[in-house]
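Working notes for the structure below.
Computed from the coordinates by the stated procedures, all read-outs in this text should not be read as laboratory data. Note that the structure is predicted; figures quoted are calculated from it, not measured. Cβ placement follows ideal geometry from the backbone for every residue including glycine, while neighbour counts extend to all protein chains displayed.
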Amino acid sequence: MRLDKWLWAARFFKTRSLAQRAISASQVRLNDEKVKASHDLKVGDSLAVRIGEYQWVVKVKNLSDKRGPAAQAKLLYEETIASREERERRMDIRRWGREPAASIKGRPTKKDRRDLEDWTGQTDDS
C-alpha cells in the first residue's frame, strides 16, 4: 500500500497531492526516516505526521486505499498517548494564550499615541 494513498484514506490530508507534497517536504516520517510517497506501508509501521504546528505520532493498524467516513478512518491508526497529550496542550495554548500584540500591525497612529498619553497622563510637552 502506498504511503500517500493511506494518508489520504486515513483523512490526514484532503487530497493525495497534498499528501505527496507533505511527504516530499519531510513533514511525514515513516519509522523516523524520510521516505517517498510511493513507499510501501505495512501494518505496525510508525508514522510521524506534521500538519501546521501540530504533530501526530501514530501506529498503523489497518490498510485501506479507499477514503471512507471519519469513524472508519480512525480505525486505520492508533495515536500514541504522548502525541495526543502534546497536541491537546498546544491547542489549549493557542486557544487561551493569544499574544496581546498580535493584533497590532505597524506603527501606532496619531490617535493611538493620544489615547496612550490620555491613559498614562503623560505628554511630550513636559
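Under the condition of being in contact with a strand residue (DSSP E or B) (Cβ under 9 Å, 6 or more places away or on another chain) and basic (Lys, Arg), the residues counted in the range 17-33 number 1. If you filter the range 35-62 down to residues that are among the hydrophobic types (A, V, I, L, M, F, W, C) and surrounded by fewer than 16 Cβ atoms within 10 Å (Cβ to Cβ), you find that the one that is nearest to Glu85 (Cα to Cα) is Ile51.
Restricting attention to the range 61-75 and to residues that are touching a helix residue (DSSP H, G or I) at 6+ places or on another chain (Cβ under 7 Å) and of a type outside the set (Gly, Ala, Ser), the residue that is nearest to Ser24 (Cα to Cα) turns out to be Asp65.
Can you pull out every residue in the range 14-29 that is touching a residue at least 12 places away in the same chain (Cβ under 8 Å) and either more than 17 Å from the chain's Cα centre (by Cα) or under 23 Å from Ala71 (Cα atoms) (or both)? Within the range 14-29, Arg16, Ala19, Val28 qualify. Can you name the residue in the range 1-25 that is in a loop (DSSP other than H, G, I, E, B) and of a type in the set (Gly, Ala, Ser) and is also surrounded by the most Cβ atoms within 10 Å (Cβ to Cβ) among such residues? Here the answer is Ala10. Identification of helices (runs of 4 or more DSSP H) wholly contained in the range 36-126 with 3 or more residues that are touching a residue at least 24 places away in the same chain (Cβ under 8 Å) yields 81-96. Scanning the range 26-35 for residues that are in a strand (DSSP E or B), among the β-branched types (Val, Ile, Thr) and farther than 16 Å from Arg11 by Cβ returns no hits.
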